[in-house]
Amino acid sequence: MMKKKVKYTIISGSGNTFTIVNEVLESLPTGADKLAQLLCSLKGSRSTDGLLLMLSSKNADLKMVYLNRDGSIAEMCGNGLRCFAYLASQNGYDNPIRIQTDTGLLEAIADGGTVKVQMPKPKKIKLGQSLKIGDDTIKYDFVMLGVPHCIIRAEDISSLDVNKLGSKIRYMTSIFPRGTNVDFIKIADEHNFSIRTYERGVEKETLACGTGVVASGLISFLNGEAIPPVKAKVRSGEYLTAYFNYDKDKFENVYLEGPVTILEYGETEVETKFFS
């Protein structure tokens, strides 16, 4: 069976970890889903939340494809985009780095270990919704920020069983037909909040979620609880900042900023059928 050597980088965006294949591909590999499952759980390496693939693009510097660790493709990943942009900058791409995604063309600025990325415009905003789990009624807000986010306020997020509650809500397909990410937030003041997120596709709580931070910042603003820029403390203990403007009932100039850290460089062999 033919095999191909693949060099990769494992990188962290505020605790959200990704494996990135260190080559620019001409097209999405046929076995991309299996490749993600393999590379996100390599023996002797760090388990990661998802796989980032760099593809060539006629309309941008690069195209980013993000696959969750279960092999499913996600249209958008904020921390993934930041990590992708950081590695692109290390490979000689100049600011602003123009990156094609499934949600459109987005720009990124890499400044040392800090990366600021443009986010897609929010859609399908729904405020003041409610759902039932057993006898409990839970209030939530919803926004599509490339990927769906259900946002719930909590008085004490430190003691929440995020995996248990998040998984129940994530699979409520009668409300969220494509599933949803679930963000639990606690407002500290108009510029700060804490957040924990159950991520669809990873199927557990992650140490950070970039789109979750921005989605929660936008919703908190609409609810009169936040003024941009808004800084969020994520599960890893690091901070991510959401920037945005609101004019004529529309959000503009939506950005996510935070630190990026290289965790590991590696090389492995995979079957060539993944790249056929």
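Condition check: at pLDDT below 95 and out of contact with any Pro (no Cβ under 7 Å at 6 or more places or on another chain). Does residue 214 satisfy that? So residue 214 does not fit the description; no.
Take the conditions surrounded by 12 or more Cβ atoms within 10 Å (Cβ to Cβ) and either free of Cβ contacts under 8 Å to residues at least 12 places away in the same chain or in contact with a helix residue (DSSP H, G or I) (Cβ under 8 Å, 6 or more places away or on another chain) (or both) and apply them to residue 150. Does it pass? Here the answer is yes, as residue 150 does meet what is asked.
Just one of the listed residues (174, 167, 130) is more than 20 Å from residue 230 (Cα to Cα), among the polar types (S, T, N, Q) and in a strand (DSSP E or B), and it is 130.
Identify the residue in the range 201-229 that is hydroxyl-bearing (Ser, Thr, Tyr) and assigned to a helix (DSSP H, G or I) and, among all such residues, is farthest from residue 81 (Cα to Cα). Result: 220.
Does residue 256 satisfy the condition of being closer than 20 Å to residue 66 by Cβ, among the hydrophobic types (A, V, I, L, M, F, W, C) and over 14 Å from the mean Cα position of the chain (by Cα)? It is false that residue 256 is closer than 20 Å to residue 66 by Cβ, among the hydrophobic types (A, V, I, L, M, F, W, C) and over 14 Å from the mean Cα position of the chain (by Cα). For the range 10-26, the candidate set comprises residues that are out of contact with any helix residue (DSSP H, G or I) (no Cβ under 6 Å at 6 or more places or on another chain) and either assigned to a strand (DSSP E or B) or modelled with pLDDT under 90 (or both); within that set, the residue that is nearest to residue 259 (Cα to Cα) is 12.
The residue that is nearest to residue 117 (Cα to Cα), counting only those in the range 234-252 that are surrounded by fewer than 19 Cβ atoms within 10 Å (Cβ to Cβ) and under 18 Å from the mean Cα position of the chain (by Cα), is 243. Considering only residues in the range 183-208 that are of a type in the set (A, V, I, L, M) and modelled with pLDDT of 95 or more, the one that is surrounded by the most Cβ atoms within 10 Å (Cβ to Cβ) turns out to be 208.
Hey, among 243, 198, which residue is under 23 Å from residue 37 (Cα atoms) and either of a type in the set (Asp, Glu) or in a strand (DSSP E or B) (or both)?
Numbers: 243 fails: under 23 Å from residue 37 (Cα atoms).
Answer to the selection: 198.
Taking the numbered list (1) of a type in the set (Val, Ile, Thr); (2) within 17 Å of residue 153 (Cβ to Cβ); (3) more than 16 Å from the chain's Cα centre (by Cα) in turn, residue 262 passes all entries but (2).
Note on the range 49-101: residues that are outside any helix (DSSP H, G or I), over 10 Å from the mean Cα position of the chain (by Cα) and in contact (Cβ under 8 Å) with a residue 24 or more places away in the chain amount to 26.
The values are calculated or read from the model by the stated rules, or taken from the named source; none is laboratory data. Please read all numbers here as calculations on a predicted model, not as lab measurements. Here the Cβ is made from the backbone with ideal geometry for all residues, glycine too, and neighbour counts use every protein chain on show.
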